[in-house]
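Novice: One structure, pasted below without further comment.
The values are calculated or read from the model by the stated rules, or taken from the named source; none is laboratory data. This structure is a prediction, so every number in the text was calculated from the model and none was measured. Because the Cβ atoms are built from the backbone with ideal geometry, glycine has one as well, and the counts that use them run over all protein chains shown.
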Amino acid sequence: MGRINRDQLNEIKSRGENIIDIRLGKAPVDGEKHLMVGGGTACHASRSEPVRDAIRGEIEKKGLSKICKVIETGNDAFSTLAPVMVVYPEGVYYVHLTPDDVDDIVSQHLIDGKLVERLLYKDPVNNKPIPRMMDIPYFSNQTLITLRNLTLIDPENIDDAIARDAYQGAAKALMDITAEEIINQVKVSGIRGRGGAGFPTGMKWGFAARAEGDIKYVLCNADEGDPGAFMDRSVLEADPHAVLEGMIIAAKAINAHQGYIYCRAEYPLAIKRLTIAIEQARRYGLLGRDILGSGFDFDLEVYQGAGAFVCGEETALMISIEGKRGMPRPRPPFPAQEGLWKKPTILNNVETLANIPQIILNGGQWYAAIGTERSKGTKVFALAGKVINSGLVEVPMGMPLKDIVYKIGGGIPEDKRLKAVQIGGPSGGCIPSNLLDTVTDYEAITGTGAIMGSGGMVIMDEDNCMVDIARFFMEFCQEESCGKCTPCREGTKRMLELLTKITEGQGEIDDIATLEELAEMVKDSSLCGLGQTAPNPVLSTIRHFMDEYEAHIKDKRCPAGVCKALITYIIDEEKCPGCGKCKRVCPVEAITGEKKVPHTIDPEKCIRCGVCIASCKFDAIEVV
Amino acid sequence: MKKITLKMWKEIDGIIQRHKEKSGALIPVLEECQSVCGYLPMEVQERISKGLNIPGSTIYGVVTFYSFFTMAPKGRHIIKICLGTACYVRGGKPNLESIQDEFGVETGGTTGDLRFSLDSVRCIGACGMAPAMVVDDDTYAQVSKQNIMKILDGYK
């Protein structure tokens with residue numbers, strides 16, 4: 001089918017709804033089954049493609065291709081379980097699949113109708129299988145708006161997306177309501193920029209709509225650079241049309257006709273799926289001239305970033321699209337007045353844009369009903385670190401951190417004690433365990449010294465050293481500083497030196513005051529968000545974990561046993577039976593002792609690599 | 001050093017022609033030229049400078065700003081030899097030297113056929129596997145002069 005109008009869009013939608021109903025478990029059609037194999041980057045890395053091909057082959061072989069469809073989704077939310085597959089209409093969730101499992105799934109599940117128990121998700125507490133995906137606490141405690149199509153559509157098939165309401169919001173925005181009304185609805189929804197700063201999206205659009213100019217631009221920031229964060233990548237891989245549609249709506253709101261998606265080169269699968277989505281949308285006339293016959297023109301291009309973290313900053317991103325070194329410039333003028341090629345420009349993050357179609361379709365009030373007073377809607381986090389279930393989680397604003405960690409994350413492995421929740425990546429901070437009642441709300445999180453950020457959430461337990469964490473993030477910011485302004489270029493370097501000195505046991509008590517002074521200076525005087533937020537991890541760890549800094553400096557001790565210069569390995573004579581295992585595995589021959597006599601470690605030779613501890617069956621080696 | 005062939009020059013000129021009229025063309029042109037040549041030597045930058053009418057200094061500034069661009073050719077496979085303490089005392093250095101001798105490549109360099117780039121790295125936290133070697137995304141334990149070439153045979 002070529003260009004379509006609104007009626008034809010609705011026809012495609014109603015034709016596809018039967019298919020989607022199977023996946024929603026609503027209307028089983030003659031035993032038809034849809035096998036949705038997860039196919040995001042994390043799944044591909046866990047070798048999901050051979051599983052997908054094997055299951056297709058086996059279904060073909062058994063003559064089931066008429067009733068069993070294998071569809072690759074962009075789902076890699078629960079990344080620790082990849083490769084995964086959901087079988088609809090029953091919604092059964094199979095995990096950790098290999099091509100060898102395919103026979104059992106086909107013969108037992110598809111033919112005999114019996115679950116393959118060994119491949120089901122098991123409750124980590126009682127080891128009982130939980131067959132249905134939506135009964136697994138990790139999923140049942142989430143609220144999916146941004147990720148609503150995760151397991152339901154083929155991201156490379158526009159008809160699947162249309163059956164799930166794609167482009168209905170755009171049709172409404174282009175044909176039923178005015179630009180002012182779009183902006184008004186976005187304002188009413190209360191959505192704030194999901195890239196990190198949390199600026200109200202409706203207000204940003206309002207500025208750009210009022211700005212004078214015949215040429216304006218809509219940009220999408222897909223330069224997700226925080227270490228460990230992959231929210232935007234998943235949205236692009238699982239539901240690219242939601243982002244395109246969000247941009248069409250934004251374009252109508254500010255009267256722009258050209259857009260760019262700035263996507264980092266490290267996301268080849270996201271770029272591929274975006275490119276396919278754009279081609280399909282163009283073929284339907286959902287991008288280009290006279291969209292859906294509305295008379296409105298808008299087209300967009302994917303612009304591939306070339307590997308610079310600072311290009312996530314709005315002015316740097318625009319300068320990079322202009323083909324220059326991506327270095328931020330002072331504001332004002334703000335991009336809404338003078339952005340890309342000095343034209344009024346809005347830049348929104350992937351997650352923000354993916355929410356817009358739902359907001360327009362269901363109304364701002366609907367969205368505003370979710371969340372807290374000042375933070376509306378949902379937020380996607382990339383949950384990682386010392387937590388049992390790691391992956392993407394989407395929760396309503398206002399959920400206490402402890403619910404994310406325990407109800408969804410399943411708690412801390414090995415019954416360890418939670419020490420802190422690091423939120424906001426290199427721009428964020430560490431929230432200590434006694435503040436775990438803090439809710440996901442921009443202001444509440446800022447109150448703890450962290451920031452909401454783009455969605456990185458790393459759980460830390462008693463084995464994580466907070467000084468070392470602060471050093472890690474400072475090293476990241478220092479390497480990524482573009483070097484344009486002195487406070488960021490020099491300040492992050494000096495702070496890194498001080499933190500390194502402390503972790504190496506050379507710290508002096510005055511260093512903390514110096515760090516704080518430098519931190520305030522870098523924060524107040526840096527040109528862009530990178531420098532302004534780079535000190536956050538340091539300031540928040542000093543605020544909440546001063547005792548750890550003092551232990552490193554005064555007692556020359558690392559309480560978590562991480563900083564190698566400050567720890568010693570000792571063999572407990574009472575526990576060591578002299579089996580000789582540690583002596584054999586030590587890579588530097590630091591362990592000596594006769595057989596059946598307790599061994600000893602030479603601290604001069606020991607490099608604190610931990611191999612002996614891992615090998616000892618008697619827990620005889622301690623870190624002090 | 002890998003030579004820029006006549007065919008590559010033609011492709012480079014084609015890329016320049018295709019983007020010439022667009023504003024902000026430089027970075028896409030550099031990305032495409034790098035995928036043709038594998039790297040962006042001065043001679044290629046000069047050609048782009050003439051073709052797009054952008055000063056060579058600006059191009060050099062952009063190439064050196066973004067980590068995606070490289071002025072030295074990179075191999076199809078990246079070998080990293082760990083020289084952390086544990087690997088060092090267990091023979092990381094002789095392993096590194098045996099690769100250097102076998103393929104005639106310096107640390108930080110790339111073989112003439114662009115098969116391998118060789119790097120040494122600080123501790124990768126695999127002390128129990130010392131001496132360790134990483135090829136692309138695969139980590140190998142207890143590598144030695146005896147098995148190292150056999151492992152690398154698997155990377156063409």
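Novice: Does segment A:170-179 contain any residue that is of a type in the set (D, E, K, R) and touching a Lys or Arg at 6+ places or on another chain (Cβ under 8 Å)? Let's see the steps before the verdict.
Specialist: Restricting attention to segment A:170-179, the residues satisfying the condition of being of a type in the set (D, E, K, R) are A:172, A:176.
Now restrict to residues that are touching a Lys or Arg at 6+ places or on another chain (Cβ under 8 Å): none.
The answer is no; no qualifying residue exists.
Novice: Another one. Buried (at least 18 other Cβ atoms within 10 Å of the Cβ), farther than 30 Å from A:D76 by Cβ and out of contact with any Lys or Arg (no Cβ under 9 Å at 6 or more places or on another chain): which single residue out of A:Q337, A:Q280 fits that description?
Specialist: Residue meeting the stated conditions: A:Q337.
Novice: Restrict the check to segment B:106-119 and report whether at least one residue is of a type in the set (V, I, T) and in contact with a Pro (Cβ under 6 Å, 6 or more places away or on another chain).
Specialist: First, pick out the residues of segment B:106-119 that are of a type in the set (V, I, T): B:107, B:110-111.
Now narrow it down to the ones that are in contact with a Pro (Cβ under 6 Å, 6 or more places away or on another chain): B:110.
Yes - at least one qualifying residue is present in segment B:106-119.
Novice: Scan B:A86, B:A25 and give me the residue that is surrounded by 15 or more Cβ atoms within 10 Å (Cβ to Cβ), within 14 Å of chain A (Cβ to nearest Cβ), more than 22 Å from the chain's Cα centre (by Cα) and over 25 Å from A:V611 (Cβ atoms).
Specialist: On the way: B:A86 fails: over 25 Å from A:V611 (Cβ atoms).
Step by step, each of B:A86, B:A25 is checked, and only B:A25 is surrounded by 15 or more Cβ atoms within 10 Å (Cβ to Cβ), within 14 Å of chain A (Cβ to nearest Cβ), more than 22 Å from the chain's Cα centre (by Cα) and over 25 Å from A:V611 (Cβ atoms).
Novice: Still on this structure, please answer the following. Counting just the residues of segment A:225-239 that are in contact with a strand residue (DSSP E or B) (Cβ under 7 Å, 6 or more places away or on another chain) and among the charged types (D, E, K, R), which one comes out surrounded by the most Cβ atoms within 10 Å (Cβ to Cβ)? Let's see the steps before the verdict.
Specialist: Narrowing segment A:225-239 to residues in contact with a strand residue (DSSP E or B) (Cβ under 7 Å, 6 or more places away or on another chain): A:226, A:228-232, A:234, A:236, A:238.
Pick out the ones that are also among the charged types (D, E, K, R) and you get A:226, A:232.
Working: A:D226: 22, A:D232: 31.
Applying the filter and picking the extreme gives A:D232.
Novice: Name the single residue, out of those in segment A:569-612 being in contact (Cβ under 8 Å) with a residue 40 or more places away in the chain and at the interface with another protein chain (Cβ under 10 Å from one of its Cβ atoms), that is nearest to A:D463 (Cα to Cα).
Specialist: A:R608
Novice: I would also like to ask the following. Starting from segment A:438-452, keep only residues that are over 14 Å from A:P535 (Cα atoms) and modelled with pLDDT of 95 or more, then list their pairs with residues that are buried (at least 21 other Cβ atoms within 10 Å of the Cβ) and charged (D, E, K, R) whose Cβ atoms are within a distance under 8 Å, requiring at least 6 positions of separation or different chains.
Specialist: That search, which allows pairs on different chains as well, returns A:T440/A:K379; A:Y442/A:R192.
The rows are residues; the columns are (1) of a type in the set (S, T, N, Q); (2) within 30 Å of B:P131 (Cα to Cα).
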| site | (1), (2) |
| --- | --- |
| B:Q45 | yes, no |
| B:N53 | yes, no |
| B:Y66 | no, no |
| B:R76 | no, yes |
| B:K80 | no, yes |
| B:G91 | no, yes |
| B:N95 | yes, yes |
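Let's see how each residue does on (1) basic (K, R); (2) touching a strand residue (DSSP E or B) at 6+ places or on another chain (Cβ under 7 Å):
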{"residue": "A:D160", "(1), (2)": "no, no"}
{"residue": "A:G193", "(1), (2)": "no, yes"}
{"residue": "A:M203", "(1), (2)": "no, no"}
{"residue": "A:K216", "(1), (2)": "yes, yes"}
{"residue": "A:D223", "(1), (2)": "no, yes"}
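Novice: Give segment A:451-501 a look and list any residue that's out of contact with any helix residue (DSSP H, G or I) (no Cβ under 6 Å at 6 or more places or on another chain), assigned to a loop (DSSP other than H, G, I, E, B) and farther than 27 Å from A:L435 by Cβ, or say none.
Specialist: Those that are out of contact with any helix residue (DSSP H, G or I) (no Cβ under 6 Å at 6 or more places or on another chain), assigned to a loop (DSSP other than H, G, I, E, B) and farther than 27 Å from A:L435 by Cβ: A:K484, A:C485.
Novice: Find the helices (runs of 4 or more DSSP H) located wholly in segment A:296-398 whose residues include 3 or more that are away from chain B (no Cβ under 14 Å), and list them. Let's see the steps before the verdict.
Specialist: Numbers: elements: A:314-321, A:350-362, A:364-368.
Here the list reads A:350-362, A:364-368.
Novice: Also, quick follow-up: Going by the conditions given, is A:T146 among the polar types (S, T, N, Q) and in contact with a helix residue (DSSP H, G or I) (Cβ under 8 Å, 6 or more places away or on another chain)? If you could, list the steps in order and put the result at the bottom.
Specialist: Working: among the polar types (S, T, N, Q): yes; in contact with a helix residue (DSSP H, G or I) (Cβ under 8 Å, 6 or more places away or on another chain): yes.
The answer is yes for A:T146.
Novice: A:L274 versus (1) buried (at least 24 other Cβ atoms within 10 Å of the Cβ); (2) within 24 Å of the chain's Cα centre (by Cα); (3) touching a residue at least 60 places away in the same chain (Cβ under 8 Å): which is the lone unmet condition?
Specialist: (3)
Novice: Could you tell me which residue of segment B:28-41 is nearest to the other protein chains (Cβ to nearest Cβ), considering only residues that are assigned to a helix (DSSP H, G or I), out of contact with any helix residue (DSSP H, G or I) (no Cβ under 7 Å at 6 or more places or on another chain) and surrounded by 13 or more Cβ atoms within 10 Å (Cβ to Cβ)?
Specialist: Taking segment B:28-41 as the starting set, the residues that turn out to be assigned to a helix (DSSP H, G or I) are B:28-37.
If we keep only those that are out of contact with any helix residue (DSSP H, G or I) (no Cβ under 7 Å at 6 or more places or on another chain) as well, we get B:31, B:34-35.
Right, trim to surrounded by 13 or more Cβ atoms within 10 Å (Cβ to Cβ) and you get B:31, B:34.
On the way: B:E31: 6, B:Q34: 9 Å.
The residue in question is B:E31.
Novice: Can you name every one of the strands (runs of 3 or more DSSP E) wholly within segment B:48-156 that holds 1 or more residues which are out of contact with any Phe, Trp or Tyr (no Cβ under 9 Å at 6 or more places or on another chain) and modelled with pLDDT of 90 or more?
Specialist: Details: elements: B:77-82, B:116-121, B:133-135, B:138-140.
Where strands (runs of 3 or more DSSP E) fall fully within segment B:48-156 and carry at least 1 residues being out of contact with any Phe, Trp or Tyr (no Cβ under 9 Å at 6 or more places or on another chain) and modelled with pLDDT of 90 or more, they are B:77-82, B:116-121.
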